[in-house]
2 protein chains.
Amino acid sequence: MTGTQGRFLVETKSWRFAEPPDELELRCGARLGPIDVAYETYGQLAPEGDNAVLICHALSGDAHVAGKHSPDEAKPGWWDIMVGPGKPIDTDQYFVICSNIIGGCRGSTGPSSINPDTGRPYGLDFPMVTVRDMVRVQHALVSEHLGVHKLLCVIGGSFGGMQVLQWAIDYPDMVQAAVCIASSARLNTQAIAFDEVGRQAIYSDPDWNGGSYATEHPPPRGLAVARMVGHITYLSDRSMHEKFGRRLQDRSSVGYDFGPPDFQVESYLRHQGDAFVQRFDPNSYLYLTKAMDYFDLASDYGSLLEAFRGVRSNFLVLSFSGDWLFPTYQSQEIVRALHANGATVSFCEVESGYGHDVFLIEHQALHRLIGDFLANCQDRIRREEASARTER
Amino acid sequence: MTGTQGRFLVETKSWRFAEPPDELELRCGARLGPIDVAYETYGQLAPEGDNAVLICHALSGDAHVAGKHSPDEAKPGWWDIMVGPGKPIDTDQYFVICSNIIGGCRGSTGPSSINPDTGRPYGLDFPMVTVRDMVRVQHALVSEHLGVHKLLCVIGGSFGGMQVLQWAIDYPDMVQAAVCIASSARLNTQAIAFDEVGRQAIYSDPDWNGGSYATEHPPPRGLAVARMVGHITYLSDRSMHEKFGRRLQDRSSVGYDFGPPDFQVESYLRHQGDAFVQRFDPNSYLYLTKAMDYFDLASDYGSLLEAFRGVRSNFLVLSFSGDWLFPTYQSQEIVRALHANGATVSFCEVESGYGHDVFLIEHQALHRLIGDFLANCQDRIRREEASARTER
């Protein structure tokens with residue numbers, strides 16, 4: 001990692017886990033191996049090992065959280081506004097880790113990886129992976145490969161927030177603090193419905209071919225439509241109105257045809273669809289939306305109260321007032337169940353009309369909340385450690 | 001029309017308008033003819049001609065409002081709960097008219113009709129039709145063909161409500177009362193975005209073939225996805241939760257596969273998509289969503305205030321509290337602009353968590369509002385007529 005004018009260079013590394021015959025037994029009962037994990041790290045692990053922060057990415061994210069892979073990379077990592085020297089997740093202070101989730105398509109093993117049994121991409125022969133499986137693999141990366149045995153914090157938004165909750169449940173002694181942003185203990189019906197529409201768009205692309213296609217030429221059309229639907233749900237009525245209104249796209253009057261877009265919002269959606277298919281695999285989109293739909297802590301543990309029975313992390317739960325995909329009531333459900341288990345929880349509904357995607361944009365109040373929470377957690381833990389040392 | 005155990009039989013009729021060379025000049029500048037109009041009527045026109053009610057259908061509706069075409073028709077017309085003997089729009093009292101909008105695919109001329117210049121279906125050679133064009137054709141049907149010169153009321157929900165507004169603007173002396181339900185003087189950005197996603201789903205269906213396909217075998221896949229997106233927007237988070245929750249579809253645990261639907265809501269959406277493609281034409285879906293996107297009274301007339309300058313109808317404007325596709329603020333914009341023009345307007349936000357589609361389901365308060373409004377309008381008009389006759 002080399003500083004370059006406030007930016008820094010970083011590389012994605014890969015670690016192989018679960019080499020056969022030591023395959024990972026998945027939640028669905030199938031076994032998966034080998035499993036490659038793409039990850040990035042930023043900053044240095046403190047000698048005391050007490051400054052590690054794990055970031056869990058959302059549906060379309062990857063291990064490349066911040067910085068650039070090369071000086072001429074067009075855009076920095078997906079959370080560069082939040083992660084870096086002097087930023088809320090300050091890489092001068094913290095050792096930051098992020099890995100691509102399994103089932104994804106950005107370096108970790110997923111449906112576009114080669115199936116060792118056939119020598120061809122898995123396609124739909126890839127087993128279904130759940131949030132618990134993803135977290136299990138992250139845990140192996142962090143503890144076995146990186147030698148980190150305490151996480152100061154696990155943090156993530158949206159689908160990443162689901163991973164945060166699973167981490168706090170599965171590894172209570174390891175996760176000291178947890179930041180769960182714009183997420184839910186289970187997707188609501190409407191969100192499942194939007195996911196299903198995205199999947200149906202992919203299924204209905206004849207080039208999808210039941211999931212069997214050349215990995216170098218994934219079928220773009222269905223995935224583009226799925227992404228457009230997604231983008232509407234990530235914004236809000238108000239933010240779309242403010243951003244585009246009914247303004248026309250490079251024209252002074254409507255075209256009365258089906259050619260170039262009439263409205264700016266149409267152009268925006270088309271662009272988002274086209275850009276997404278350059279970097280994402282349709283089968284991964286199917287698997288990850290299914291993992292999101294299946295995530296249901298109340299169902300897995302009998303009740304949400306029971307799910308959080310053993311958690312020991314200090315929680316920060318955040319929602320956004322304009323988020324209708326993961327509405328505030330879902331964060332409040334998490335907070336109530338945590339409180340009922342005596343957990344230490346801070347909750348804030350951050351004011352923003354922007355929609356679900358607020359955590360990916362500049363938002364000072366949000367940045368301050370997260371930066372302060374992290375710093376306070378570290379201070380408290382270090383004070384407790386020092387006091388424990390004195391007593392010994 | 002024959003009464004059968006509370007139900008009645010009705011037939012769709014057809015009228016040819018704008019026989020060449022008397023083509024209709026459309027808003028977009030193109031000319032269209034011949035134009036066939038499919039319509040149904042219910043009840044009898046009073047000798048005084050003062051009991052005619054025109055119903056304007058929404059995006060996927062048709063002329064078949066109520067009753068059945070044959071005793072064994074599976075379902076009655078789309079607004080059978082509202083229209084019929086003894087119902088709020090009481091066919092014992094009113095002469096009810098509904099026609100399929102041009103651009104549609106349910107009997108009126110649209111992109112699946114034969115282009116007289118080529119002998120083949122128009123496809124994308126069909127000219128763009130706007131709400132104003134649709135209303136112009138309805139007006140010809142009502143006044144030229146049916147001989148109705150006053151409309152006691154024009155009523156419609158959603159896209160039908162846009163037609164109601166256009167009627168009140170274009171034919172102020174003819175429209176005595178207007179009921180505009182869950183509609184808008186212009187679509188908001190988010191609604192345009194959803195329409196565009198639906199269109200992109202259709203474009204991306206390779207069998208769509210640029211709009212050229214055999215009318216008997218319209219490409220189903222893109223249209224099904226478009227309909228699924230639409231259905232989510234017609235319901236609400238709450239209503240989907242109440243209707244389906246996270247309940248599984250004919251199974252006791254999730255399938256961990258991409259086979260049959262896991263959740264009931266997925267099954268519901270698939271069914272809605274499959275059912276829709278049996279009765280709707282993909283090109284019509286493109287044209288009608290474009291007409292909806294283009295509808296913008298403020299843009300057409302300089303401002304909404306100016307648009308309503310000449311209206312003389314007595315208005316009932318209704319919105320639904322749980323409708324996020326045509327939110328209440330859009331109805332309030334209409335109400336404010338009408339008030340500012342001194343129009344007589346009743347406005348009510350009907351309490352319902354159901355979503356946009358409330359007007360298509362049983363809702364007693366809504367039915368009473370509409371029934372009472374119609375009856376009161378007719379009473380008032382008849383009293384005024386009687387008093388005018390006395391004075392003469």
Query raised in the report: Is one or more of the residues making up the range B:197-204 without any contact (Cβ under 8 Å) to a residue 40 or more places away in the chain, buried (at least 17 other Cβ atoms within 10 Å of the Cβ) and assigned to a loop (DSSP other than H, G, I, E, B)?
Result: yes
**Report entry** Members of the range A:337-372 found to be exposed (fewer than 15 other Cβ atoms within 10 Å of the Cβ), of a type in the set (A, V, I, L, M, F, W, C) and touching a residue at least 40 places away in the same chain (Cβ under 8 Å), listed by number
**Finding:** A:ILE361
Report summary line: Of all strands (runs of 3 or more DSSP E) fully inside the range A:1-103, the set with 2 or more residues that are surrounded by fewer than 20 Cβ atoms within 10 Å (Cβ to Cβ) is A:2-4, A:7-9, A:13-17
Query - Checking B:GLY310 against (1) more than 17 Å from the chain's Cα centre (by Cα); (2) buried (at least 24 other Cβ atoms within 10 Å of the Cβ); (3) farther than 23 Å from B:LEU366 by Cβ, the condition it does not meet - result: (2)
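Of the residues in the range A:321-334, how many are under 19 Å from the mean Cα position of the chain (by Cα), more than 13 Å from every other protein chain (Cβ to nearest Cβ) and not in a helix (DSSP H, G or I)? Outline the logic, then answer.
First, the residues of the range A:321-334 that are under 19 Å from the mean Cα position of the chain (by Cα): A:323-328, A:330-331, A:334.
Now narrow it down to the ones that are more than 13 Å from every other protein chain (Cβ to nearest Cβ): A:331, A:334.
From what's left, not in a helix (DSSP H, G or I): none.
Number satisfying all stated conditions: 0.
Please enumerate the residues belonging to the range A:199-225 that are closer than 30 Å to A:ALA298 by Cβ and facing chain B (nearest Cβ under 9 Å).
Filtering the range A:199-225 for residues closer than 30 Å to A:ALA298 by Cβ gives A:199-203.
If the condition is that a residue be closer than 30 Å to A:ALA298 by Cβ and facing chain B (nearest Cβ under 9 Å), then A:ARG199, A:GLN200, A:ALA201, A:TYR203 are the ones that fit.
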Requested in this report: Just give me the residues in the range A:240-261 being more than 7 Å from chain B (Cβ to nearest Cβ) and either modelled with pLDDT under 95 or closer than 26 Å to B:GLY29 by Cα (or both), in sequence order.
Outcome: A:ARG247, A:LEU248, A:GLN249, A:ASP250, A:ARG251, A:SER252, A:SER253, A:GLY255, A:GLY259, A:PRO260, A:PRO261
Requested in this report: Would you check which residues across the range B:262-286 are at the interface with another protein chain (Cβ under 9 Å from one of its Cβ atoms) and crowded, with 21+ Cβ neighbours inside 10 Å and list them?
Outcome: B:ASP262, B:PHE263, B:VAL265, B:GLU266, B:TYR268, B:LEU269, B:GLY273, B:LEU286
Requested in this report: Give me the pairs, please: first residue somewhere in the range B:95-108 and in the same structural domain as B:GLY123 (by TED's automatic domain parsing), second residue anywhere and part of a loop (DSSP other than H, G, I, E, B) and among the aromatic types (Phe, Trp, Tyr), beta-carbon distance under 7 Å, and either six or more positions apart or on two chains.
Outcome: B:CYS105/B:PHE280
Requested in this report: Please go through the range B:174-207 and pick out each residue that is outside the structural domain of B:PRO111 (by TED's automatic domain parsing) and over 27 Å from B:LEU325 (Cα atoms).
Outcome: B:PRO206, B:ASP207
Report summary line: Counting only residues in the range B:162-190 that are of a type outside the set (A, V, I, L, M) and either within 14 Å of chain A (Cβ to nearest Cβ) or out of contact with any helix residue (DSSP H, G or I) (no Cβ under 7 Å at 6 or more places or on another chain) (or both), the one nearest to B:TYR329 (Cα to Cα) is identified as B:SER184
Query raised in the report: Is there a residue in the range A:123-130 that is farther than 23 Å from A:ILE381 by Cα and polar (S, T, N, Q)?
Result: yes
Report task. Could you please find all residues in the range B:272-320 being outside any helix (DSSP H, G or I), in contact with a strand residue (DSSP E or B) (Cβ under 9 Å, 6 or more places away or on another chain) and polar (S, T, N, Q)? Result -> B:SER313, B:ASN314, B:SER319
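Quick grid of which residues meet (1) at pLDDT 95 or above; (2) closer than 25 Å to B:MET162 by Cβ; (3) charged (D, E, K, R):
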| position | (1), (2), (3) |
| --- | --- |
| B:ALA38 | yes, yes, no |
| B:LYS68 | yes, no, yes |
| B:PRO71 | no, no, no |
| B:ILE97 | yes, yes, no |
**Report entry** Index of the failed condition, A:LEU305 passing every other in (1) outside the structural domain of A:HIS356 (by TED's automatic domain parsing); (2) surrounded by fewer than 21 Cβ atoms within 10 Å (Cβ to Cβ)
**Finding:** (1)
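Does the range A:118-129 include one or more residues that are under 24 Å from A:PHE326 (Cβ atoms), touching a helix residue (DSSP H, G or I) at 6+ places or on another chain (Cβ under 8 Å) and modelled with pLDDT of 95 or more?
yes
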Query raised in the report: Quick one: how many residues across the range A:15-32 are at positive phi and touching a strand residue (DSSP E or B) at 6+ places or on another chain (Cβ under 6 Å)?
Result: 1
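The values are calculated or read from the model by the stated rules, or taken from the named source; none is laboratory data. Computed from a prediction, not measured in an experiment: that's the story for all the values here. Backbone-built Cβ (ideal geometry, glycine too); neighbour counts: all protein chains shown.
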